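Engineer: This structure is in structure tokens; I'll ask about it shortly.
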Ligand SMILES: Nc1ncnc2c1ncn2[C@@H]1O[C@H](COP(=O)(O)OP(=O)(O)OP(=O)(O)O)[C@@H](O)[C@H]1O
Ligand SMILES: [Mg+2]
């Protein structure tokens, strides 16, 4: 089976089987509910930042890059003491943002964007594979299960076929089914020496944004894949060995349904936290309260004097005063990292950290 030749899209079989359609309806419903609720939230940046940091952590964990929220928090605030793993996770998030901005700006998802995303994740410019030798192995037995296409030309042709499939509307098939097809195809093309899994997981959310099924990049399958890891590899392989698209598509659709529900719960919690902190600060500290201040406090897990100074156009002295008042009242906890004092939004941090 390792000699399998990867076919161009679209797959030449009926994908919308009865079972698929049933799960499709559930996935679409859950996703629409998530989108509907999120669309009503004024400052989405808060959500996106909190959610993408968990995704960056989970997706990197699939690749065995394990880090903690504490370490990540250091890496995000540019502390020199942050671990290399945490820095890699931060790169993943940078890649995700890059892709999101590109898709929003150009309304399409291109091969060049995929190459750029992978190069941000891996911090190198190796690009598409030029040398053969990459094989996919069974994780436990080590047996070679699949040899992806090796020549750069063949890879480029497959990618441009994939690009057309992603961006053109005339394939009359539901977008979520397409997403399952795209993920299988991208992973099977396996265009890079490394980082194909992480790049593919970013492409998934970008495709949802491209299709306007989500406005913000907040739905990620990584934690679902971690929980159902052996099925993930097995079903990818079964598309190839048995033409079993149905089980693969249902796997992805179930992941979308479960994850949309989980994400909606988290989004609601974050939103409630923003609102209650807002109300408390307004009541206890009316002199320093402003909506802009609250937004700055939730922008990331942490803030710095300079962000408050710039964000509110106040003097450094005023900014320091605001932050120390907020700390005294228990809204923030500060720590000196490197030369700077970093103020952590404890409640947001604990909420996001506890959500795993
Ligand atoms: N049998 C298979 N057929 C198609 N794709 C596969 C198969 N086995 C694994 N893959 C894909 O290859 C990815 C791993 O590739 P690679 O090591 O280049 O990516 P990564 O981002 O470094 O790793 P990871 O996905 O483990 O984080 C897996 O995530 C999966 O999507
Ligand atoms: Mg790898």
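Engineer: Looking at 219, 210, which one is more than 13 Å from ligand 1 (Cβ to nearest atom), within 15 Å of the chain's Cα centre (by Cα), under 26 Å from residue 65 (Cα atoms) and assigned by TED's automatic domain parsing to the domain that holds residue 103?
Structural biologist: Only one candidate passes the filter, namely 219.
Engineer: Kindly indicate the residue of the range 163-184 that is in contact (Cβ under 8 Å) with a residue 60 or more places away in the chain and either part of a loop (DSSP other than H, G, I, E, B) or near ligand 1 (Cβ under 9 Å from one of its atoms) (or both) and also farthest from the chain's Cα centre (by Cα) among those meeting that condition.
Structural biologist: 171
Engineer: I would also like to ask the following. Just one of (1) out of contact with any helix residue (DSSP H, G or I) (no Cβ under 7 Å at 6 or more places or on another chain); (2) within 16 Å of ligand 2 (Cβ to nearest atom) trips up residue 271, so point out which.
Structural biologist: (2)
Engineer: Then there is this: Scan the range 269-289 and give yes if some residue there is buried (at least 17 other Cβ atoms within 10 Å of the Cβ), in contact with a strand residue (DSSP E or B) (Cβ under 8 Å, 6 or more places away or on another chain) and either within 27 Å of residue 90 (Cα to Cα) or modelled with pLDDT of 95 or more (or both), otherwise no.
Structural biologist: no
Engineer: Within the range 10-23, is there a residue that is crowded, with 16+ Cβ neighbours inside 10 Å and part of a helix (DSSP H, G or I)?
Structural biologist: Yes: the range 10-23 contains one or more residues that are crowded, with 16+ Cβ neighbours inside 10 Å and part of a helix (DSSP H, G or I).
Engineer: Just checking, how many residues over the range 24-42 are closer than 15 Å to residue 179 by Cα and surrounded by 18 or more Cβ atoms within 10 Å (Cβ to Cβ)?
Structural biologist: Residues flagged as closer than 15 Å to residue 179 by Cα and surrounded by 18 or more Cβ atoms within 10 Å (Cβ to Cβ) within the range 24-42 amount to 4.
Engineer: In the range 185-198, what residues are within 6 Å of ligand 1 (Cβ to nearest atom) and either under 14 Å from residue 239 (Cα atoms) or part of a helix (DSSP H, G or I) (or both)?
Structural biologist: Within the range 185-198, 187, 188, 196, 197, 198 qualify.
The values are calculated or read from the model by the stated rules, or taken from the named source; none is laboratory data. These numbers come from a predicted model, not from an experiment. Neighbour counts are summed over all protein chains in view; Cβ atoms, including those assigned to glycine, are modelled from backbone coordinates with ideal geometry.
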